[in-house]
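The values are calculated or read from the model by the stated rules, or taken from the named source; none is laboratory data. No experiment lies behind these values; they were computed from the predicted model shown. No Cβ is skipped: glycine too gets one built from the backbone with ideal geometry, and neighbour counts run over all protein chains shown.
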Amino acid sequence: MSLRTELISAAAIACGLAAGCATEGPPPSEEVTRARTVIEQADRAGAQRYAAADLQRAHDQLSNAEKANGEGKYDEARRYAESAEADADVATARASDGEAQRAAHEVVQGNETLRQESARGAAANANAQ
Amino acid sequence: MNRVILVGVAASLLAACASVPQRSEQVAQARAEIDTLSQEPLAQQAAGRDLAAARASLQQAEVAQQHNQPPAIVDHLAYLAMRHAQAGEARVSEARARQEVARGQEDRNKILLDSRTREAQNAQSQAQSAQAQAQNAQVQADLAKNAAQAAQAQLATAQQQLADLQAKKTDRGMVVTLGDVLFDSAQATLKPGADLVIGRLAAFLTANPQTKIMIEGHTDSRGSDEYNEALSERRAQSVANALSVHGVSQDSFRTMGRGKAYPVASNDTPEGRQQNRRVEIIFSDNSGQFAQVPN
């Protein structure tokens, strides 16, 4: 191995360690696709209702990723896409949580109503006797 | 020798393109979120993958920080770590809510069961109460029926007793006539043969204490009015005395001498005069009232 080729490989290693410093990776098409998928998932989970801010942020980050992609800033686009996916995942989780909280609240409320009705029924019966 | 040079070149290149390392607020925030999540009892169960992903991203951020990578990269990795942790926290919260739903459904079943049990008990006690009322009503009906039968029997007995006394129904009510064969002629003493009639009369009055009697003595037309009235009075009194001896209350009867004023047959013949010499027992109704007859 000549000194020249060794120097080149050393530069490559250094730049690999300092990702984004010297060279751009490939276009983050997989990351963008994943982000879109997870955003759709969040939509279906009711994120608009329970986690609108997170969902909006995911959409914004996805737009940023597409914009950066168009400008050839692939590493930046990748980070945006990864953020969009993470945001959409938070939106999904918070939407499911919101649904579950609502269900729990309904069950507790329903039981309270049931308890009161039951108590009233018992009182009515006690009076009738 | 060459290796040393290579490392030096790589290090200088790294140092050249990296910024000065500094504390990242984003990394601290991610660490705090991960701490919060990992303290949740349900974290492993409900958000194991989120926690693992958060820790992996945080580690990458820390490595990038150690290698003096640009803040954009360090912060990005820390941001991902924070978001994984936040998603995990939401999943833990959701799991808690699901547990609450499950508990609530158990509660609901218990409430319904309790309610139905109580309703069944109420229905049963109502049925028992209705049954008891029905039995009570039956008992009352039986008692009333028995009382009615007793009253009926008493009435029948009274009627039989009156029939035995050969009572006749008249305008003045039921009347029993004791003929003068029960008395010696011109005497007021009852003959022993009167005992049967007096006994029946006493038994009737004892059994029907509401019934009063009027004991009236009558004579035929022979002799003076004074004599006949006195005789008729004494004969009525004899009957009253005999009833008293049989235990009949003084309140049950009155006596009266009617003399010869009320013949029931002609005084011109011995048979007619014999019919006129008599004691009449007039019965009140069963409330003690005598029939009003114009004299």
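Against the numbered list (1) more than 8 Å from chain B (Cβ to nearest Cβ); (2) touching a residue at least 40 places away in the same chain (Cβ under 8 Å); (3) not in a loop (DSSP other than H, G, I, E, B), residue A:106 comes up short only at (2). The number of residues in the range B:82-133 being under 30 Å from residue A:88 (Cα atoms), among the β-branched types (Val, Ile, Thr) and exposed (fewer than 13 other Cβ atoms within 10 Å of the Cβ) comes to 0. Restricting B:273, B:235, B:222 to residues that are of a type in the set (Lys, Arg) and in contact with a strand residue (DSSP E or B) (Cβ under 6 Å, 6 or more places away or on another chain) narrows the list to B:235. Checking A:101, A:56 one by one, the residue that is modelled with pLDDT of 95 or more, within 25 Å of the chain's Cα centre (by Cα), more than 9 Å from chain B (Cβ to nearest Cβ) and part of a helix (DSSP H, G or I) is A:56 and no other.
For the range A:84-98, the set of residues classified as of a type in the set (S, T, N, Q) and more than 9 Å from every other protein chain (Cβ to nearest Cβ) is empty. Evaluating residue B:154 against the criteria (1) touching a Gly at 6+ places or on another chain (Cβ under 9 Å); (2) in contact (Cβ under 8 Å) with a residue 12 or more places away in the chain; (3) more than 7 Å from every other protein chain (Cβ to nearest Cβ) leaves one unmet condition, (1). None of B:116, B:103 is within 16 Å of residue A:110 (Cα to Cα), under 57 Å from the mean Cα position of the chain (by Cα) and more than 7 Å from chain A (Cβ to nearest Cβ) except B:103.
Within the range B:239-254, the residues that satisfy the criterion of being of a type in the set (A, V, I, L, M) and surrounded by 13 or more Cβ atoms within 10 Å (Cβ to Cβ) are B:239, B:240, B:242, B:243, B:248. For the range A:29-53, a residue qualifies if it is at pLDDT 95 or above, loosely packed, with under 13 Cβ neighbours inside 10 Å and closer than 12 Å to residue A:92 by Cβ, and the qualifying residues are A:37, A:40. Filtering B:167, B:134 for residues that are away from chain A (no Cβ under 12 Å) and farther than 30 Å from residue B:206 by Cβ leaves a single hit, B:134.
Based on this model, can you work out whether residue A:81 counts as part of a helix (DSSP H, G or I), crowded, with 24+ Cβ neighbours inside 10 Å, more than 10 Å from chain B (Cβ to nearest Cβ) and in contact (Cβ under 8 Å) with a residue 40 or more places away in the chain? Considered against the rule, which asks whether it is part of a helix (DSSP H, G or I), crowded, with 24+ Cβ neighbours inside 10 Å, more than 10 Å from chain B (Cβ to nearest Cβ) and in contact (Cβ under 8 Å) with a residue 40 or more places away in the chain, residue A:81 comes out as yes. When restricted to residues that are among the β-branched types (Val, Ile, Thr), at the interface with another protein chain (Cβ under 8 Å from one of its Cβ atoms) and under 19 Å from residue B:32 (Cβ atoms), the range B:68-77 contains 0. Going by the structure shown, is residue B:236 within 18 Å of residue B:182 (Cα to Cα), surrounded by 20 or more Cβ atoms within 10 Å (Cβ to Cβ) and touching a Ser or Thr at 6+ places or on another chain (Cβ under 6 Å)? So residue B:236 passes the test.
For residue A:96, the conditions (1) in a helix (DSSP H, G or I); (2) surrounded by fewer than 18 Cβ atoms within 10 Å (Cβ to Cβ); (3) in contact (Cβ under 8 Å) with a residue 24 or more places away in the chain are fulfilled apart from (2).
Exactly one residue out of B:126, B:65, B:39 is more than 10 Å from chain A (Cβ to nearest Cβ) and free of Cβ contacts under 8 Å to residues at least 40 places away in the same chain, and it is B:39. Given the structure, is residue B:45 under 60 Å from the mean Cα position of the chain (by Cα), more than 9 Å from chain A (Cβ to nearest Cβ) and in a helix (DSSP H, G or I)? Considered against the rule, which asks whether it is under 60 Å from the mean Cα position of the chain (by Cα), more than 9 Å from chain A (Cβ to nearest Cβ) and in a helix (DSSP H, G or I), residue B:45 comes out as yes.
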